[in-house]
1. Could you pull the Rg and Dmax for segment 119-274, using just the Cα atoms, both in Å?
2. Would you please give the residues with an amide H less than 5 Å from that of S158, counting only those at least 5 places away or on a separate chain, with H modeled from the backbone geometry?
3. Could you give the semi-axes, largest first, of the ellipsoid that matches segment 307-434, computed as the square roots of 5 times the alpha carbon gyration tensor eigenvalues and rounded to whole Å?
4. Just need log10 I(q)/I(0) for segment 476-538 at q = 0.20, 0.26 Å⁻¹, Debye formula, equal scatterers on the alpha-carbon atoms, no solvent, rounded to two decimals.
5. Give the calculated FRET efficiency between L521 and L423 to the nearest 0.05, with a Förster radius of 22 Å applied to their Cβ-Cβ distance.
6. With a cut-off of 8 Å between alpha carbons and a minimum separation of six or more residues, what is the relative contact order of segment 261-401 in percent?
7. Each residue of segment 458-473 in turn: what ³J(HN,Hα) in whole Hz from Karplus with 6.51, -1.76, 1.60 and θ = phi - 60°, glycine and Pro shown as x?
8. For an R0 of 51 angstrom, estimate the FRET efficiency from the Cβ-Cβ distance between T371 and D66 and round to the nearest 0.05.
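FYI, it's all coordinate maths here, none of it is from the lab. Here the structure is a predicted model, which means the values were calculated and not measured. Counting neighbours? That spans all protein chains shown, and the Cβs are built from the backbone with ideal geometry, glycine included.
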Amino acid sequence: MTATDRRPGAGQRTDVDAAFRGSATYRSLGEQQLSPAEERFERGRRTVGLFLAPVVTIVFALLPLDLPRDQHLLAAVLLGVIVLWITEPVPIPIGGLIGVGAIAVLGVVPADDAVGPLGSTTVFTFIGAFILAAAMLKHGVARRFAMAILSMRWVGGSTARVIIAFGLITCLLSAFVSNTATVAMLLPTAIGILSVIAKLLQDKEMVAPDFDPLRLRVGVALMLMLAYGASVGGLITPVGTPPNLIGRGLIEEATGERIGFLDWMLMALPICALMFVALAAVLLLLNRPEIKRIEGVHEYVRAERAQLGPVSRAEKNTLVAFGITVALWIFPGVIALTAGTDSALYTTIGDRLDEGIVAVLGASLLFLLPTDWGRREFTLNWSDAAKIDWGTILLFGTGIIFGSLLADTGLAETIGNGSADLLGLTNTFAITIFAVILAIVISETTSNTASAAVVVPIIIPVAVAAGINPFVPALAATFAASFGFMLPVSTPQNAIVYGSGVVPITKMIRSGISFDVLGALLIVVLLPVMIDLVLSVG
């Protein structure tokens, strides 16, 4: 019996480290520790979804809508898949695969075209990052990083401060490193922090001996802080996330107004600061940690550090592979700061050092750096790599497929233009609200990059047709494209933390929709003000 499949009352002491190493994206009811009420809810939710998903798909497909056949069927299948993702009658990755199969069978696109986006380099980012994370967990590197954060003086024994400190680190890194790469590199440390807190709760007998460490509320708050904090930090600079560059380029092309690096930061920083405050409030209120203060945390960390001993050869090798990967991830951002994002050097470096290629090359080093050359033993074995969460990789791969189809079939544009015509938008404020809502809604089921690429070109002509400057609504759509926090497929960051097995889909939806609403309000209210201030000073 493993550490993750004990039922309440089993009477065995949970192996916390084994629980996190063996965690899975999707666990059946028999693999979780649920109260009777929780088990009834979960059983009902999954039963409803099993019948509701096909009904929703069939009913929508039969509606007499004035849509091209491919768009109509894609919308019907996507609605059914969303029901599967939310209710989980089958594992979430399987729900996505069912949808992809339905698209091919119904002839929305040929099968080869349907599965083509699985070759996206984002998928390779997941593979490489997960392998690096496996090495960091196996050899204790993540645990050392976790101890370093927990030993910070101002953090103390406050669980809220631990979560906030980790979120600030995430925000600062993601301002210059891609959001996906930031979350991938910090995930092992987050798991390490959570395992330390879980062990401390266990040692102080604050939880049952056979508790499930994957169901701690503090774990949900910490993991979602990692995912959402990266999205907030990515807005701080133009190079923080691809939607920023896409939106900035489209706005300049349409209006002739260029947003400089410093101007962008001056506009974004106050908004992002308030977003972070709102994020911390949402996560700590909706996922209230089991305990506010953990007494004796410094003594515990000191004792654990002593047990870790000196850095081993395997840890050094892992740090080398990790350090090279991070350096190559950061390098294009450094070039952007020095040479500018329009330079040929930045374009060349950015294209060749794609984060997916860098991730798999960095992970490959783990199989080349020896721990015992005489016995031909290396830092990681393939059996270790085979245990990474392939389910999350499949899940996000199917999300990429649906995102590509939304753009390729024209369904996203149809939704945007149809909504704009229906609402009769005629002023900057109304179009800005529409832009933000549309960007968030589309980014819930496709990548942020695809959301920006689809929504900004829709908003600009809508604004021009209304006789207003598209600068404000288009920039608002660019910012909002980095939102969409409800589902694992909404962003790569969501998918990565969902793959830890710590965040149930229901809690991601509840926290995500709350932050979506607050973030949308902040963008709509503050962004026009900051644009006026910065442009008037400039």
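1. Taking only Cα atoms of segment 119-274, I get Rg and Dmax of 18.3, 64 Å.
2. I294
3. Values: eigenvalues 393, 95, 40 Å².
Gyration-tensor ellipsoid for segment 307-434: 44, 22, 14 Å.
4. At q = 0.20, 0.26 Å⁻¹ the computed log10 ratios are -0.77, -1.03.
5. About 0.70, to the nearest 0.05.
6. Relative CO of segment 261-401 lands at 18 percent.
7. Values per residue, Gly and Pro as x: 6, 5, 4, x, 4, 5, 4, 5, 7, x, 10, 6, x, 4, 5, x Hz.
8. Working from the Cβ atoms, E equals 0.20.
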